[in-house]
1. Kindly provide the set of residues from region 164-209 that are among the acidic types (Asp, Glu) and touching a Ser or Thr at 6+ places or on another chain (Cβ under 7 Å), ordered by number.
2. Looking at region 72-114 only, could you name the residues that are in contact with a His (Cβ under 6 Å, 6 or more places away or on another chain) and in a helix (DSSP H, G or I)?
3. Could we say that THR154 is touching a residue at least 60 places away in the same chain (Cβ under 8 Å), out of contact with any Gly (no Cβ under 8 Å at 6 or more places or on another chain) and of a type in the set (Val, Ile, Thr) here?
4. Among what's in region 24-38 and is at pLDDT 95 or above and in a loop (DSSP other than H, G, I, E, B), pick the residue that is most open to solvent (accessible area, probe 1.4 Å).
5. Return the residue satisfying two criteria in turn: it lies in region 59-83 and is more than 17 Å from the chain's Cα centre (by Cα) and open to solvent by less than 60 Å² (accessible area, probe 1.4 Å), and of such residues it is nearest to THR25 (Cα to Cα).
6. Looking at (1) in a helix (DSSP H, G or I); (2) in contact with a Lys or Arg (Cβ under 9 Å, 6 or more places away or on another chain); (3) within 27 Å of TYR192 (Cβ to Cβ), find the lone condition where LEU51 falls short.
7. Out of (1) buried (at least 16 other Cβ atoms within 10 Å of the Cβ); (2) more than 26 Å from ALA173 (Cα to Cα), the odd one out for VAL199 is which?
8. Filter region 214-239 down to residues that are hydroxyl-bearing (Ser, Thr, Tyr) and open to solvent by 20 Å² or more (accessible area, probe 1.4 Å) and give me whichever is nearest to GLY38 (Cα to Cα).
Amino acid sequence: MLGSTLPTGVKRLAHTGSVNFGRLTAAHRMLPSFLIAGGQRCGTTSLYRALSAHPAVMKAVWHKGVHYFDVGYQHGPDWYRGHFPLCRTAGRRERRIGARVQTFESSPYYMYHPLAAERIAAALPDVKLIVLIRDPVERAYSQHAHEVARGFETERDFALALAREPGRLAGEAARLRDDPAYHSHAHQHHAYTERGQYVDHLVRLEKVFGRDRIHVVDSELFFTDPAPVYDSVLDFLGLPDLGHPPFERHNARARGPMPDRIRRRLAAHFAPYDERLADWLGYRPSYLER
């Protein structure tokens, strides 16, 4: 495709121009009715692609994740709205398919950032949230490989990265809450165990949005038997059943086996959180039934 052959500087300039145009036309653009808010390395990209293929869904124009409510809040609401489709474009599609069109984005840091929930609620008072969960031990290992590959983690040894996590994160959530302009690289990229403490984040989201506006997807069920999981998401969002898209797994990274001693230590760490999660959900996630 032409876009993939353009120099990086040219693509960046084109993107900046497009975002500026979006800002200028913000009043004529849609706002999301739902967000994929997390968790990271839990299949968010795969669900994003599946939902983007639905005829009554129009994704954010430029990015899977706009990251407005976590690291981009300083840009302002017009910048955010500028990332979404024009209302007239959605109107044409609605007339063609005979169903209301919705738009969305997927930014997995929203679930974890201490200010994101309140920011989302203020800007999108009726929004619904989708949260994906997977075995938190595997999620932590997957995140570490992902951050190393992207250059955001310099500690290539997983055990050492885990050992450094408490020191790296000490006080960072408080700093983020106290200073809206503050950005924490460690909080965003090095929270291997804290991000897998799902119940803490879900309880916090529930206090802001209510339980009925949060839909939790079991990632392992989505990957092994995607159709009914996808159908439950459509039902939650009020989207019509118009058939199933191709279900594909995205962003998987090859990595070696996790040492047993680390697996046991992480499993012990997550056990009380997983039991509280099962109580919150009203059922046991599939990874606890193995």
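The values are calculated or read from the model by the stated rules, or taken from the named source; none is laboratory data. Quantities reported herein were computed from a predicted structural model and do not represent experimental measurements. Backbone-built Cβ (ideal geometry, glycine too); neighbour counts: all protein chains shown. Surface accessibility is based on the protein's heavy atoms, side chains included, excluding ligands, DNA and RNA. Shrake-Rupley method; radii C 1.70, N 1.55, O 1.52, S 1.80 Å.
1. Result: GLU165, GLU172.
2. Once the filter is applied, which keeps residues that are in contact with a His (Cβ under 6 Å, 6 or more places away or on another chain) and in a helix (DSSP H, G or I), region 72-114 yields CYS87, MET111.
3. When the stated conditions are applied, THR154 does not pass them.
4. Top of the filtered list is LEU31.
5. GLY82
6. The failed condition is (3).
7. With (1) buried (at least 16 other Cβ atoms within 10 Å of the Cβ); (2) more than 26 Å from ALA173 (Cα to Cα) applied to VAL199, the lone miss is (2).
8. Among those that are hydroxyl-bearing (Ser, Thr, Tyr) and open to solvent by 20 Å² or more (accessible area, probe 1.4 Å), it is SER232.
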